[in-house]
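Input: a single structure, listed below in structure tokens.
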């Protein structure tokens, strides 16, 4: 859901940015590490756990207890070599509704054993050994990248969707004026937004069309849905707006009850925002690679 | 292919674009869009992450690292494929016969459909199984096929309140289409039967039983056959 925090966590343990990691949403697990393991925890701030945004070498037998989220909604725990589940359709992600990917296509439960690479312990030692500026079992620095918004309502840039003009004038204004709440019935497919009901000028059904990450669609109820990582590929609801790609990681860090508002932007601005974020992420990833001696 | 011109190209955020050819269901456009999607995919462009044919157009999803103008590029790629000529539908379409048990146990909405259409359950089954369908689009969920070709006599609206969970394999109708639910999921269509076959299995070489353009027929089976076939899955 938050690809920036995932990339950062992976980079901090020397992995490629897309390696499989644990996504921890709102309530964290208790984990036991049988072997020495290099880990990094990034994204939301949770009770317990570890110093965030830095590599930490855990001793064999370490118990790591991660409590509730304090700030943000999702943390990412990466381990050296990645979590070694089989790729399905080119991805190691878990797709809960379809029950495939990840570990048996389901959320983790008590007693599960997560497969790591056979050489994970050696890899952990080797990578930690390669790090400059170490201090005991961690380092003297932390990565400066942050996707957890520090104040609300969180600003989301959005361009007008294909059907924006089909909404009545009051709804067009309300969409960009209102403060929206993330509703409880939100998940990895979409965030439901609570606020003023939006209405269309004409009630005609639209032909089912495509959707993308960040598409905001409005079903007949008038309550918008922002499509997230596990979104469907097509949908029959009018699309009022499209959230800038650069802002989606910060959206992923909002828990139910959090607030946001939308600022209208042009496609060019959205592209620029994406370029800026990429440049910042690339710079941080490069400095981490330098700490590993690359 | 000169006759097909896009109505326009609209952004789906800043990493994807929709090349739209029709805002109403036009079967000729729908078939062209499916062939266009095949042509676009066969280009094997590394920064083109996904190509999704919808009912009246095709969505191109670009790699977020791509910095060009997605609208211009999507229009250009579609125009190039149309100019070069699209693959014939028969090169990629399959014919599929889907066994379906229409017995009461698997058809919770049959009474409602009977009432609304004025057809006895037996007639509903016969009419549904007699037609040939085409996959117009895959969407909503992985492997979830929208099939066109439903007999107009079976055109009933969606249920007012969607069911929280429709079992995997459920065959349902609404308006002038029929769908097959790939796995247990919420849904508002009228369920009149169930197939014992796995509609979507991520572990298969071709995970989705259906692909856009496929021609589909339904074959009525008994509860006993259903049980036997379900066991073999």
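The values are calculated or read from the model by the stated rules, or taken from the named source; none is laboratory data. Keep in mind that this is a model prediction, so the values were computed, not measured. FYI the Cβ positions are ideal-geometry reconstructions off the backbone, even for glycines, and counts take in every protein chain you see.
Given the structure, is residue A:140 without any contact (Cβ under 8 Å) to a residue 12 or more places away in the chain and in contact with a strand residue (DSSP E or B) (Cβ under 9 Å, 6 or more places away or on another chain)? Give the steps one after another, and end with the answer.
Values: without any contact (Cβ under 8 Å) to a residue 12 or more places away in the chain: yes; in contact with a strand residue (DSSP E or B) (Cβ under 9 Å, 6 or more places away or on another chain): yes.
Criteria met by residue A:140.
For the subset of the range A:237-273 comprising residues that are touching a strand residue (DSSP E or B) at 6+ places or on another chain (Cβ under 6 Å) and assigned to a loop (DSSP other than H, G, I, E, B), which member is farthest from residue A:198 (Cα to Cα)?
A:253
Applying the selection to the range B:110-140, what residues are surrounded by fewer than 20 Cβ atoms within 10 Å (Cβ to Cβ) and under 21 Å from the mean Cα position of the chain (by Cα)?
Passing the criteria: B:127, B:129, B:130, B:131, B:132.
Would you check which residues across the range A:204-224 are at negative phi and away from chain B (no Cβ under 14 Å) and list them? Can you show your working first?
So the first thing to find is which residues in the range A:204-224 are at negative phi, and the list is A:204-213, A:215-221, A:223-224.
A:218, A:223, A:224, listed by residue number.
Taking the range B:40-71 as the region of interest, how many residues are surrounded by fewer than 21 Cβ atoms within 10 Å (Cβ to Cβ), more than 11 Å from every other protein chain (Cβ to nearest Cβ) and part of a helix (DSSP H, G or I)?
2
Condition check ((1) assigned to a loop (DSSP other than H, G, I, E, B); (2) closer than 30 Å to residue A:11 by Cα; (3) modelled with pLDDT of 95 or more) across all residues:
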{"site": "A:126", "(1), (2), (3)": "no, yes, yes"}
{"site": "A:145", "(1), (2), (3)": "yes, yes, no"}
{"site": "A:149", "(1), (2), (3)": "yes, yes, no"}
{"site": "A:205", "(1), (2), (3)": "yes, no, no"}
{"site": "A:221", "(1), (2), (3)": "yes, no, no"}
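Out of B:197, B:147, report the one residue that is in contact (Cβ under 8 Å) with a residue 60 or more places away in the chain, outside any strand (DSSP E or B), more than 11 Å from chain A (Cβ to nearest Cβ) and closer than 17 Å to residue B:97 by Cβ.
Details: B:147 fails: outside any strand (DSSP E or B).
One residue alone meets the criteria, B:197.
Would the range A:174-189 turn up any residue that is more than 14 Å from every other protein chain (Cβ to nearest Cβ), within 30 Å of residue B:23 (Cα to Cα), touching a helix residue (DSSP H, G or I) at 6+ places or on another chain (Cβ under 9 Å) and surrounded by 18 or more Cβ atoms within 10 Å (Cβ to Cβ)?
Checking the range A:174-189: at least one residue is more than 14 Å from every other protein chain (Cβ to nearest Cβ), within 30 Å of residue B:23 (Cα to Cα), touching a helix residue (DSSP H, G or I) at 6+ places or on another chain (Cβ under 9 Å) and surrounded by 18 or more Cβ atoms within 10 Å (Cβ to Cβ).
Within the range B:178-185, is even one residue without any contact (Cβ under 8 Å) to a residue 40 or more places away in the chain, within 14 Å of chain A (Cβ to nearest Cβ), within 22 Å of residue B:34 (Cβ to Cβ) and in contact with a helix residue (DSSP H, G or I) (Cβ under 9 Å, 6 or more places away or on another chain)?
First, the residues of the range B:178-185 that are without any contact (Cβ under 8 Å) to a residue 40 or more places away in the chain: B:179, B:184.
Now drop any that are not within 14 Å of chain A (Cβ to nearest Cβ), which leaves B:179, B:184.
Then keep just the ones that are within 22 Å of residue B:34 (Cβ to Cβ); that gives B:179.
Within this subset, residues satisfying the condition of being in contact with a helix residue (DSSP H, G or I) (Cβ under 9 Å, 6 or more places away or on another chain) are none.
No.
Name every residue in the range B:24-39 that is in contact with a strand residue (DSSP E or B) (Cβ under 9 Å, 6 or more places away or on another chain), surrounded by fewer than 22 Cβ atoms within 10 Å (Cβ to Cβ) and within 13 Å of chain A (Cβ to nearest Cβ), in order of residue number.
Across the range B:24-39, the qualifying residues are B:25, B:27, B:29.
Which condition does residue A:252 not pass, out of (1) surrounded by fewer than 17 Cβ atoms within 10 Å (Cβ to Cβ); (2) under 27 Å from residue A:23 (Cα atoms); (3) away from chain B (no Cβ under 11 Å), if it passes all the others?
(1) is the only condition that residue A:252 fails.
From the list A:155, A:198, A:131, A:207, which residue is over 22 Å from residue A:269 (Cβ atoms) and either in the same structural domain as residue A:34 (by TED's automatic domain parsing) or under 18 Å from the mean Cα position of the chain (by Cα) (or both)?
Details: A:155 fails: over 22 Å from residue A:269 (Cβ atoms); A:198 fails: either in the same structural domain as residue A:34 (by TED's automatic domain parsing) or under 18 Å from the mean Cα position of the chain (by Cα) (or both); A:207 fails: either in the same structural domain as residue A:34 (by TED's automatic domain parsing) or under 18 Å from the mean Cα position of the chain (by Cα) (or both).
Testing whether each residue is over 22 Å from residue A:269 (Cβ atoms) and either in the same structural domain as residue A:34 (by TED's automatic domain parsing) or under 18 Å from the mean Cα position of the chain (by Cα) (or both) leaves just A:131.
Which residues, counting only those in the range A:151-173, are assigned to a loop (DSSP other than H, G, I, E, B) and in contact with a strand residue (DSSP E or B) (Cβ under 8 Å, 6 or more places away or on another chain)? Don't jump to the end; show me each part of the working.
Restricting attention to the range A:151-173, the residues satisfying the condition of being assigned to a loop (DSSP other than H, G, I, E, B) are A:151-153, A:161-163, A:168.
Residues satisfying the conditions are A:152, A:153, A:161, A:162, A:163, A:168.
Quick one: in the range A:255-281, of everything that is without any contact (Cβ under 8 Å) to a residue 24 or more places away in the chain and more than 17 Å from the chain's Cα centre (by Cα), which residue is surrounded by the most Cβ atoms within 10 Å (Cβ to Cβ)? Working first, answer last.
Initially, the range A:255-281 is screened for residues without any contact (Cβ under 8 Å) to a residue 24 or more places away in the chain, giving A:268, A:271-272, A:275, A:278-279.
Filter once more, keeping what is more than 17 Å from the chain's Cα centre (by Cα): A:268, A:271-272, A:275, A:279.
Working: A:268: 11, A:271: 22, A:272: 16, A:275: 14, A:279: 10.
Step by step, filter the range A:255-281, then rank; the result is A:271.
Which of the strands (runs of 3 or more DSSP E) found entirely inside the range A:21-117 contain at least 1 residues meeting this: over 19 Å from residue A:142 (Cα atoms)?
Filter on the range A:21-117 gives A:22-25, A:30-32, A:63-79.
In the list B:114, B:94, which residue meets the criterion of being at pLDDT below 95 and under 28 Å from residue B:219 (Cβ atoms)?
Numbers: B:114 fails: at pLDDT below 95.
Checking each option against the conditions leaves just B:94.
How many residues are farther than 25 Å from residue A:101 by Cα and either in contact with a helix residue (DSSP H, G or I) (Cβ under 8 Å, 6 or more places away or on another chain) or crowded, with 22+ Cβ neighbours inside 10 Å (or both) when one looks only at the range A:61-85?
So the count comes out to 2.
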